[in-house]
1. Can you tell me which lysines have their Cα less than 17 Å from the Cα of Lys135? Leave out same-chain residues fewer than eight positions away.
2. With the calculation restricted to Cα positions, what are the radius of gyration and Dmax of the stretch 25-153 in angstrom?
3. What is the projected area of the convex hull of the Cα atoms of the chain, averaged over all directions, in nm²?
4. Output the relative contact order of the stretch 32-135, whole-number percent, from Cα pairs under 8 angstrom with separation of 6+ residues.
5. How high is the FRET efficiency from Tyr265 to Arg114, r the C-beta distance, R0 41 Å, rounded to 0.05?
6. Out of residues 5 or more away from Gly115 or on other chains, whose amide H comes under 5 Å of its own, with H placed 1.01 Å from N in the peptide plane?
7. Could you grab the relative contact order for the chain? Cα pairs under 8 Å, six or more apart, rounded to a whole percent.
8. At a Förster distance of 30 Å, what's the computed FRET efficiency of Leu131 paired with Thr291, Cβ-Cβ distance as r, to 0.05?
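Each reported figure results from applying straightforward, stated rules to the coordinates on display, with no laboratory input. Keep in mind it's a predicted model, so treat the numbers as computed, not measured. Note: ideal-geometry Cβ built from the backbone for every residue, glycine included; neighbour counts use all protein chains shown.
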Amino acid sequence: MNDLTRYNVISSRIRLARNIDGLAFTGNVKGVDHAKRMRLPDGIERLLRGTFDYDYFRLRDLTDTQIKALVERHIISPTLVHNREESAGIVERNESLSFLINEEDHIREQCVERGFNLVGAYERLDKFDNLLLSKLPIAYDNQLGFLTACPTNLGTGMRASTMLFLPALRHANAIEDTVKVFRERYGLTIRGIYGEGSSALGDVYQLSNTRTLGMTEMEIIEVIQKATLAMCTAEKVARDKLMAERGEEIKMKIERSFNTLRTAYSLTSDALMELVSDVKLGVIFGIVPLTETAPLDRLAVLFSASSLTLKIGECAPTIRDVTRAKLVREILSEVL
């Protein structure tokens, strides 16, 4: 990862949509199709057995808190939850590789790599995709490519995306204009941290392709790579301008946030996200005694409400906030 993307590209993701030929999509399920869809998760699990170290779960067997925690950590999508009775997940223990079954499409394959590594994510996922294609009757048309529930996924069925940290553009009140320009220039989608319709918590944005038809997988990746580098360049320009014009103000804000993160007695989820964003910017500017932002990214995910509840058990929100602050202090003390 080069210096331009080192701090601003949190992760890279490749997602593939695949469907079983002749089996109805989610919105058209009837008796026979329902029975087949109920058997699909176990069938795919058998195909993948022994290929990597994973956890296999049916959503109907999970609690609401467990499901919310999986959504918060981007392991499953909110859409998968809507079809709880039939849906399932096969998730690598390190949460890099996953297969979501009976979501909008019958199979959603996904690989997430840390940092700017779209090619690596695609190459790893492609091996498993080829395995499924060789064993399952996947719906495919010679002209349209892979057939999908949503027409926007026709063709490769692939969505490539990068998760970007863009605090300086937000501080400069330039994020909305920049996003508009990128949508027009590259034809891409830029959304909040949880995808379509979500807000940019912690100044984190997801950049992904909108076109899958008439392009190869590598052509899609090249567009996302180009746009990601351009967005990181825009962020660097905004960052340099921010420090030149408001350096002392920004430095003081970062130092306050860093001290609060280290010493706070109680922290809400939203407060943690805001503080982490400030301190990550401090890492980039060299203002705080950390050289990498990865530990801070892990803090933001680990201590979201449902994930923390799974760790410490059900409790009142006030107790959870106090425990969150305590755990944050302990983890920071290990890396400082």
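1. Cα-Cα hits under 17 Å: Lys36, Lys127.
2. In order Rg, Dmax, the Cα atoms of the stretch 25-153 give 14.7, 44 Å.
3. 17.6
4. 23
5. 0.80
6. Ser11, Ser12
7. Relative contact order, the chain: 19 percent.
8. For R0 = 30 Å, the calculated efficiency reads 0.15.
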